[in-house]
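Take a look at the structure set out below.
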């Protein structure tokens with residue numbers, strides 16, 4: 001079959017480190033779940049145990065600039081690095097403005113660096129499926145480090161928890177400081193805290209962060225270090241890399257890395273099952289009329305919203321009962 | 001969407017990028033002062049269908065052929081190259097198209113026209 005031939009050719013180029021082939025495989029996997037499955041199957045034995053870093057933080061904290069410097073640093077040491085930059089899809093349509101590359105001009109010409117921008121494409125709960133697929137492709141390609149940069153709003157930070165081994169939270173002085181960082185769950189998932197734009201201050205922020213780190217116990221046996229950086233000057237990058245090395249050594253030695261890999265796969269399987277089941281059901285059932293009727297009922301207050309939904313779903317729940 | 005060379009006027013590039021985004025297109029915005037190598041590298045890694053080049057510095061007759069050549073040498077000569085900016089002389093536009101620019105959208109081009117053109121090629 002033509003499609004299959006093309007994929008096999010692409011894969012053989014990909015295995016010879018042809019960047020065009022990598023880029024094309026990413027596009028195919030992003031756009032067609034069936035092809036994604038075929039690619040995934042053909043490459044399942046090609047893992048290089050790439051080490052996955054997650055960088056998260058509010059917009060404007062300098063994540064992209066920081067990544068640029070970090071990748072430069074890693075590249076100079078001879079590592080191969082794959083970057084995934086997640087930018088939000090417009091909530092009004094399918095388009096997106098992906099501008100993270102603007103901050104990464106120095107590294108983009110390095111032969112051992114590959115950067116791909118990804119629109120979140122409206123995935124509920126953060127990282128789109130594409131991010132996981134790209135990470136797997138990078139791993140098969142032979143990247144030493146994979147760096148995922150996330151939007152840093154909503155739940156994508158939580159999702160990074162299911163992908164990365166070392167999570168770096170980037171903050172800057174003056175953005176509401178400690179309260180902003182204490183958003184539920186964010187501080188707790190960070191393995192390394194970076195205070196960027198340190199030329200603007202940050203002493204008070206550091207004290208606050210330290211206090212918060214004192215006040216809750218962490219089961220992972222790791223106290224997140226706080227690294228001060230000035231990304232645009234390249235300051236603090238050596239210290240950041242050291243912190244990453246330290247954390248990596250910790251998770252490897254303690255066995256946590258293997259645990260994480262296992263948990264990640266389990267979670268992924270769960271997520272995929274849910275999403276595929278959902279798609280199957282929605283495809284088979286057109287509920288437009290029922291939904292329109294329910295909307296009118298709820299608007300006119302002749303029905304409450306939960307009753308309206310239950311009424312629509314009752315026939316399907318009844319059928320599912322019979323399956324057991 | 002890239003601005004090659006020394007040109008610093010990016011309002012047009014941003015306006016067009018936003019219009020494309022609103023029309024459902026994913027736009028990789030690479031910003032100012034791109035070298036031809038940076039443009040082609042980005043196009044390869046992002047596996048783009050179109051390369052948009054905005055040039056208001058007058059250097060289009062030098063920059064565009066260079067980018068086209070580099071694109072072909074690197075195996076992405078099949079992507080559509082669209083140019084915008086102060087490219088208005090009919091003879092130059094004709095020459096650019098002969099060299100491989102797919103279409104030129106001069107000053108005042110309605111963004112809808114650009115969107116429709118892109119959709120017509122997909």
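The values are calculated or read from the model by the stated rules, or taken from the named source; none is laboratory data. These figures come from a predicted structure and were not determined experimentally. Ideal geometry is used to build each Cβ from the backbone, glycine not excepted, and the neighbour counts take in all protein chains shown.
Quick notes on this one:
Listed here are the residues, each with its yes/no results for (1) free of Cβ contacts under 8 Å to residues at least 24 places away in the same chain; (2) in contact with a helix residue (DSSP H, G or I) (Cβ under 6 Å, 6 or more places away or on another chain).
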| site | (1), (2) |
| --- | --- |
| A:28 | yes, yes |
| A:45 | yes, no |
| A:52 | no, no |
| A:55 | no, yes |
| A:61 | no, no |
| A:66 | no, yes |
| A:69 | no, yes |
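- Residue selected from the range B:3-14 under the condition assigned to a loop (DSSP other than H, G, I, E, B) and either within 12 Å of chain A (Cβ to nearest Cβ) or over 13 Å from the mean Cα position of the chain (by Cα) (or both), by the criterion surrounded by the most Cβ atoms within 10 Å (Cβ to Cβ): B:7
- The range A:219-240: number of residues that are part of a loop (DSSP other than H, G, I, E, B) and in contact (Cβ under 8 Å) with a residue 12 or more places away in the chain: 8
- Conditions (1) modelled with pLDDT of 80 or more; (2) within 14 Å of chain B (Cβ to nearest Cβ): number failed by residue A:150: (2)
- Flag for residue A:123 being modelled with pLDDT of 85 or more and under 17 Å from the mean Cα position of the chain (by Cα): no
- Strands (runs of 3 or more DSSP E) contained entirely in the range B:15-122, each with at least 2 residues that are touching a strand residue (DSSP E or B) at 6+ places or on another chain (Cβ under 8 Å), within 14 Å of chain A (Cβ to nearest Cβ) and closer than 30 Å to residue A:18 by Cβ: B:26-28, B:31-34, B:50-55
- Enumeration of residues in the range A:25-39 that are closer than 14 Å to residue A:6 by Cβ and either touching a strand residue (DSSP E or B) at 6+ places or on another chain (Cβ under 9 Å) or not in a helix (DSSP H, G or I) (or both): A:32
- Every residue from the range A:104-121 that is part of a strand (DSSP E or B) and within 7 Å of another protein chain (Cβ to nearest Cβ): A:114, A:115, A:116, A:117, A:119
- Identity of the residue in the range A:165-189, in a loop (DSSP other than H, G, I, E, B) and either touching a helix residue (DSSP H, G or I) at 6+ places or on another chain (Cβ under 9 Å) or outside the structural domain of residue A:103 (by TED's automatic domain parsing) (or both), that ends up modelled with the highest pLDDT: A:165
- Per-region count, the range A:267-310, residues in contact with a helix residue (DSSP H, G or I) (Cβ under 7 Å, 6 or more places away or on another chain) and in contact (Cβ under 8 Å) with a residue 60 or more places away in the chain: 1
- Of all residues making up the range B:70-85, the number that are touching a residue at least 12 places away in the same chain (Cβ under 8 Å) and out of contact with any helix residue (DSSP H, G or I) (no Cβ under 8 Å at 6 or more places or on another chain): 1
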